[in-house]
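J.: The structure's right below; bear with me while I get my questions together.
The values are calculated or read from the model by the stated rules, or taken from the named source; none is laboratory data. Note that the structure is a prediction, hence the values are computed from the model and not measured. Every residue, glycine as well, gets a Cβ built from its backbone with ideal geometry; the counts of neighbours run over all protein chains shown. Only protein heavy atoms, including side chains, enter the accessible area calculation; ligands, DNA and RNA are left aside. Shrake-Rupley method; radii C 1.70, N 1.55, O 1.52, S 1.80 Å.
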Amino acid sequence: QVELVESGGGLVQPGGSLRLSCAASGSISSIYVMGWYRQAPGKQRGLVAAISSGGSTNYTDSVRGRFTISSDNARSTVDLQMNGLKPEDTAVYYCTAWYIGGQSWGQGTQVFVSS
């Protein structure tokens with residue numbers, strides 16, 4: 001089992017930046033991909049970015065060039081640096097980890113982009 005705890009959400013003006021962090025505990029050596037999803041009101045949860053244990057990254061088109069995902073070598077943390085935030089980035093952001101035997105989710109952290 002892997003447990004995930006997110007932090008770093010909040011209110012920011014358009015064009016601003018936020019950094020989300022996610023701390024993993026438990027069987028972290030079994031994690032092979034970590035990522036961030038988001039869910040806006042009335043919409044389905046969708047992938048924002050992911051990073052593999054080998055360092056390969058993947059971004060949804062709407063955030064490529066603005067967001068950067070990173071993780072430490074031990075795969076105990078995964079961060080999402082969000083720059084150039086737009087109102088359409090407003091959502092609850094969830095950390096996730098795929099590990100041998102399953103997938104875990106964090107509790108979510110709210111990001112609100114508004115002037």
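J.: Report, by residue number, each residue of segment 7-23 that is open to solvent by 30 Å² or more (accessible area, probe 1.4 Å), more than 14 Å from Ala97 (Cβ to Cβ), in a strand (DSSP E or B) and among the small types (Gly, Ala, Ser).
T.: Selection gives Ser7 alone.
J.: Under 9 Å between Cβ atoms, which residue pairs at least 6 apart in sequence (or on different chains) link something in segment 95-108 that is farther than 12 Å from Glu6 by Cβ and open to solvent by 80 Å² or more (accessible area, probe 1.4 Å) with a partner that is of a type outside the set (S, T, N, Q) and modelled with pLDDT under 95?
T.: If the second residue must be of a type outside the set (S, T, N, Q) and modelled with pLDDT under 95, the pairs left are Ile100/Ile31; Ile100/Tyr32.
J.: Any residue at all in segment 71-79 that is in a strand (DSSP E or B) and over 13 Å from Ala97 (Cβ atoms)?
T.: We begin by selecting, within segment 71-79, every residue in a strand (DSSP E or B); these are 71, 77-79.
From what's left, over 13 Å from Ala97 (Cβ atoms): 79.
Yes, some residue in segment 71-79 is in a strand (DSSP E or B) and over 13 Å from Ala97 (Cβ atoms).
J.: Still on this structure, please answer the following. Given the conditions (1) open to solvent by 30 Å² or more (accessible area, probe 1.4 Å); (2) small (Gly, Ala, Ser); (3) out of contact with any Phe, Trp or Tyr (no Cβ under 9 Å at 6 or more places or on another chain), which single one is not true for Gly65?
T.: The one condition Gly65 does not meet is (3).
J.: Condition (residue is surrounded by 14 or more Cβ atoms within 10 Å (Cβ to Cβ), in contact with a Phe, Trp or Tyr (Cβ under 7 Å, 6 or more places away or on another chain) and aromatic (Phe, Trp, Tyr)) applied to segment 24-32: is it met by at least one residue? So that I can check it myself, show each step before the final result.
T.: First, pick out the residues of segment 24-32 that are surrounded by 14 or more Cβ atoms within 10 Å (Cβ to Cβ): 24, 26-28, 30-31.
Of the ones still in play, those that are also in contact with a Phe, Trp or Tyr (Cβ under 7 Å, 6 or more places away or on another chain) are 27, 30-31.
Cutting the leftovers down to aromatic (Phe, Trp, Tyr) gives us none.
The answer is no; no qualifying residue exists.
J.: Say we look at segment 33-54 and pick out the residues that are among the hydrophobic types (A, V, I, L, M, F, W, C) and under 18 Å from Phe112 (Cβ atoms); which of these is most open to solvent (accessible area, probe 1.4 Å)?
T.: Step one: of segment 33-54, the residues among the hydrophobic types (A, V, I, L, M, F, W, C) are 33-34, 36, 40, 47-51.
Those left that are additionally under 18 Å from Phe112 (Cβ atoms): 36, 40, 48.
Details: Trp36: 0, Ala40: 26, Val48: 1 Å².
If we take residues in segment 33-54 being among the hydrophobic types (A, V, I, L, M, F, W, C) and under 18 Å from Phe112 (Cβ atoms), then Ala40 is most open to solvent (accessible area, probe 1.4 Å).
J.: Output the number of the condition that Thr57 fails; it satisfies all remaining conditions of (1) open to solvent by 60 Å² or more (accessible area, probe 1.4 Å); (2) more than 30 Å from Ser115 (Cα to Cα); (3) in contact (Cβ under 8 Å) with a residue 40 or more places away in the chain.
T.: Going through the list (1) open to solvent by 60 Å² or more (accessible area, probe 1.4 Å); (2) more than 30 Å from Ser115 (Cα to Cα); (3) in contact (Cβ under 8 Å) with a residue 40 or more places away in the chain, Thr57 breaks only (3).
J.: Determine which member of the set Gly84, Gly35 is modelled with pLDDT of 95 or more, in a loop (DSSP other than H, G, I, E, B), closer than 17 Å to Gly9 by Cα and not acidic (Asp, Glu).
T.: Working: Gly35 fails: in a loop (DSSP other than H, G, I, E, B).
Result: Gly84 is the single residue among Gly84, Gly35 that is modelled with pLDDT of 95 or more, in a loop (DSSP other than H, G, I, E, B), closer than 17 Å to Gly9 by Cα and not acidic (Asp, Glu).
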